[in-house]
Amino acid sequence: ALSDAQNSGGYFPHVLEASRAMLTSCDNDAILFTSGYSANPIWYLQEVEKVRTDVTVANLYLMDKPFYIKYLRDFKDIDLNLTNEKIENLQKKSWPSSRFETIDLEDNGRGIEFLVESIPLEIFHSEYSSEEKYLEIPDQILLEVLKRHLNKKSIYFAQNTSWSYYSLPRALWDHLVLEGLVYKLVPQPKDRSISFNNLKNNMLQNYRY
């Protein structure tokens, strides 16, 4: 299906090149969160052209679908600690006011300077402009991914993420640094300066125009 889409003119060259740049911006074995149909050309590059297949791409737009949550768990090695039954019965949670969650951090022997022990997050309800105050399933799944993978993998968000709809990316905003076409989650102060260097390298050396 991805090949058919490309052969019928579904992906313009500049769209594919931007998607390629997102993938090449990521560290090895990273997780890249996207939203909406922007994930389709990235899937094409990974599945057909075999570009950066080490990067796990997770589409927030599909993360309320049981089949997709199982796909991430079973085929993309995303640890969610959710059984099939729990996945099938996931529901949006009532979220009447902002709540605080803390993600604990570990050094893991990587020698990170200025180590902070945790990231405190103030989480508002999903779709901030809506009067319905719920935490949607994608935000619940994303929070679980962060808790289980932040100490193991680099985590990125595509620049075109739907920031107004999803609560967790908004809560992480102060810890995200633009590296070109992706934002990198940087829990450590030292990593923020490294990310600015990565932005310059990506824009002037890594990306193709």
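When the range 145-200 is examined, which residues are found to be under 29 Å from ASN81 (Cβ atoms) and of a type in the set (Lys, Arg)?
Of everything in the range 145-200, those that are under 29 Å from ASN81 (Cβ atoms) and of a type in the set (Lys, Arg) turn out to be LYS147, ARG148, LYS152, LYS153, ARG170, LYS184.
Quick grid of which residues meet (1) touching a Lys or Arg at 6+ places or on another chain (Cβ under 7 Å); (2) modelled with pLDDT under 90; (3) of a type in the set (S, T, N, Q):
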| position | (1), (2), (3) |
| --- | --- |
| LEU90 | no, no, no |
| LYS93 | no, no, no |
| GLU106 | no, yes, no |
| GLU113 | yes, yes, no |
| TYR134 | yes, no, no |
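Condition first: modelled with pLDDT under 90, buried (at least 16 other Cβ atoms within 10 Å of the Cβ) and part of a loop (DSSP other than H, G, I, E, B). Can you find one or more residues in the range 11-24 that meet it?
Yes: one or more hits.
Sort out which residues of the range 173-205 are loosely packed, with under 14 Cβ neighbours inside 10 Å and touching a residue at least 40 places away in the same chain (Cβ under 8 Å), and write them in order of number.
Answer for the range 173-205, where residues must be loosely packed, with under 14 Cβ neighbours inside 10 Å and touching a residue at least 40 places away in the same chain (Cβ under 8 Å): PRO189, LYS190.
Exactly one condition in (1) closer than 25 Å to ASP54 by Cβ; (2) open to solvent by less than 20 Å² (accessible area, probe 1.4 Å); (3) part of a helix (DSSP H, G or I); (4) without any contact (Cβ under 8 Å) to a residue 40 or more places away in the chain is false for PRO138; which is it?
(4)
Considering (1) of a type in the set (Val, Ile, Thr); (2) touching a residue at least 40 places away in the same chain (Cβ under 8 Å); (3) part of a helix (DSSP H, G or I), say which one THR161 fails and leave the rest.
(3)
Go through (1) assigned to a helix (DSSP H, G or I); (2) modelled with pLDDT under 95 and name the single condition LEU72 misses.
Among (1) assigned to a helix (DSSP H, G or I); (2) modelled with pLDDT under 95, LEU72 violates only (2).
Look at the range 41-58 and say how many of its residues are under 16 Å from the mean Cα position of the chain (by Cα), surrounded by fewer than 19 Cβ atoms within 10 Å (Cβ to Cβ) and part of a helix (DSSP H, G or I).
1
Somewhere in the range 148-157, is a residue polar (S, T, N, Q), open to solvent by 70 Å² or more (accessible area, probe 1.4 Å) and without any contact (Cβ under 8 Å) to a residue 60 or more places away in the chain?
No, that holds for no residue.
Need the failing condition index for TYR61 against (1) out of contact with any Pro (no Cβ under 9 Å at 6 or more places or on another chain); (2) closer than 23 Å to VAL182 by Cα; (3) open to solvent by 60 Å² or more (accessible area, probe 1.4 Å), just the number.
Among (1) out of contact with any Pro (no Cβ under 9 Å at 6 or more places or on another chain); (2) closer than 23 Å to VAL182 by Cα; (3) open to solvent by 60 Å² or more (accessible area, probe 1.4 Å), the lone unmet condition for TYR61 is (1).
Could you give every pair whose Cβ atoms fall below 6 Å, whose first residue belongs to the range 44-55 and is free of Cβ contacts under 8 Å to residues at least 40 places away in the same chain, and whose second residue is part of a loop (DSSP other than H, G, I, E, B), counting only separations of at least 6 or pairs across chains?
Partner pairs satisfying both residue conditions: LEU45/VAL51; GLN46/THR53; ASP54/ASN28; ASP54/ASP29; VAL55/CYS26; VAL55/ALA30.
Please enumerate the residues belonging to the range 73-99 that are within 22 Å of THR161 (Cα to Cα), surrounded by 17 or more Cβ atoms within 10 Å (Cβ to Cβ) and without any contact (Cβ under 8 Å) to a residue 24 or more places away in the chain.
Selection gives ARG73 alone.
The values are calculated or read from the model by the stated rules, or taken from the named source; none is laboratory data. Since the structure is predicted, the reported quantities are computational estimates derived from the model, not experimental observations. Ideal geometry is used to build each Cβ from the backbone, glycine not excepted, and the neighbour counts take in all protein chains shown. In case anyone asks, the SASA skips ligands and DNA or RNA and just uses the protein heavy atoms, side chains included. Shrake-Rupley method; radii C 1.70, N 1.55, O 1.52, S 1.80 Å.
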